[in-house]
1. Please specify each residue of the stretch 51-77 satisfying the condition of being buried (at least 22 other Cβ atoms within 10 Å of the Cβ) and in contact with a strand residue (DSSP E or B) (Cβ under 7 Å, 6 or more places away or on another chain).
2. Which ones in the stretch 22-50 are more than 18 Å from GLY220 (Cα to Cα) and surrounded by fewer than 18 Cβ atoms within 10 Å (Cβ to Cβ)?
3. Do we find a residue being in contact with a helix residue (DSSP H, G or I) (Cβ under 7 Å, 6 or more places away or on another chain) and in a strand (DSSP E or B) anywhere in the stretch 73-94?
4. Here are some conditions: (1) buried (at least 16 other Cβ atoms within 10 Å of the Cβ); (2) under 23 Å from ALA44 (Cβ atoms); (3) of a type in the set (Ser, Thr, Tyr). SER87 meets all but one. Which one does it not meet?
5. Quick test of your reading of the structure: GLU129 fulfils all but one of (1) in contact with a strand residue (DSSP E or B) (Cβ under 9 Å, 6 or more places away or on another chain); (2) closer than 19 Å to LEU110 by Cα; (3) of a type in the set (D, E, K, R). Name the failing condition by number.
6. With surrounded by fewer than 16 Cβ atoms within 10 Å (Cβ to Cβ), of a type outside the set (D, E, K, R), touching a helix residue (DSSP H, G or I) at 6+ places or on another chain (Cβ under 9 Å) and at pLDDT 95 or above as the only criterion, which of VAL158, VAL173 stands out?
7. How do the pairs read when you match residues in the stretch 153-169 that are farther than 23 Å from HIS125 by Cβ with residues anywhere that are surrounded by fewer than 15 Cβ atoms within 10 Å (Cβ to Cβ) and modelled with pLDDT of 95 or more, using Cβ under 8 Å and keeping only pairs 6 or more apart or on different chains?
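The values are calculated or read from the model by the stated rules, or taken from the named source; none is laboratory data. Only a predicted model underlies this, so the values are computations on that prediction, with no experimental measurement involved. All Cβ positions, glycine included, derive from the backbone under ideal geometry; neighbour counts span all protein chains shown.
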Amino acid sequence: MDDMSTRTSLLVGEEGVLRLRSTSVILCGCGAVGGYVLEGLVRAGIGRIKVVDSDVFSESNINRQVLATMDTVGRPKVQVAYDRARSINPGIDIEALDTMVSSDTIPDILSGGYDILVDAIDTVHHKTELLKAAADMGIPTFSSMGAALHLDTQAIRVAPLKKTQVCPLAAAVRKGLRDHDTSNIVCVYSEEKPLVTPGSRDEHGKSVLGSLPTVPAVFGMTLANLVISRVLDAGARE
């Protein structure tokens, strides 16, 4: 057992470490929530990851995105994610896919026989299309709902998509997937009502929402932990 996995092995055993190492995950989005998902998965020893994002880092990301620093401003998020993952675990099998999630790209994104999908994107239409495709393919999926406009980390919950409540993004996604089997989709969401803040838009016309570093971090690490728990629980059932 390598030194990186020593503490993990003490908790889950060598067999658990091997299960994590043999698990493959698609991570869509490596921003505020997704960056922390990546951090948790890589440090836990997940062996194969495909990370998908089409954005570049800006200074406005630095307040809440773990991969955003003054040195990464202007760089593609997936390339920074790739470098970060390899700096933690040089042996990881990681693919950086610099592309937007859309109906045209989803077949390629979900290809490759990956075990689990983690959805950390925030555009409703693209999110819904991704979750539809994953649901139709039977891919176990852990999905982040809205982390912005929240202050209370104690209001964060985990539930199947159909049992989420309060979160407007979850409601929109549920509506979009009402004709699909969503039993494989588990969500991280907040039961705190979104705070009303003055609206603003970036240079591309996209709505900009207020956010702290803490809430997205808890969302992201909770998603990572759900993946880890699923892998270990599956091993315990065998």
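1. VAL51, VAL52, LYS77
2. SER22
3. There is at least one residue in the stretch 73-94 that is in contact with a helix residue (DSSP H, G or I) (Cβ under 7 Å, 6 or more places away or on another chain) and in a strand (DSSP E or B).
4. (1)
5. Single failed check for GLU129: (1).
6. It is VAL158.
7. Going by the 8 Å Cβ cut-off, the qualifying pairs are THR153/THR214.
Table: residues versus (1) closer than 24 Å to GLY16 by Cβ; (2) out of contact with any strand residue (DSSP E or B) (no Cβ under 9 Å at 6 or more places or on another chain); (3) modelled with pLDDT under 95; (4) surrounded by 13 or more Cβ atoms within 10 Å (Cβ to Cβ).
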position: CYS187; (1), (2), (3), (4): no, no, no, yes
position: GLU192; (1), (2), (3), (4): no, no, no, yes
position: VAL218; (1), (2), (3), (4): yes, no, no, yes
position: LEU223; (1), (2), (3), (4): yes, no, no, yes
position: ILE228; (1), (2), (3), (4): yes, yes, no, yes
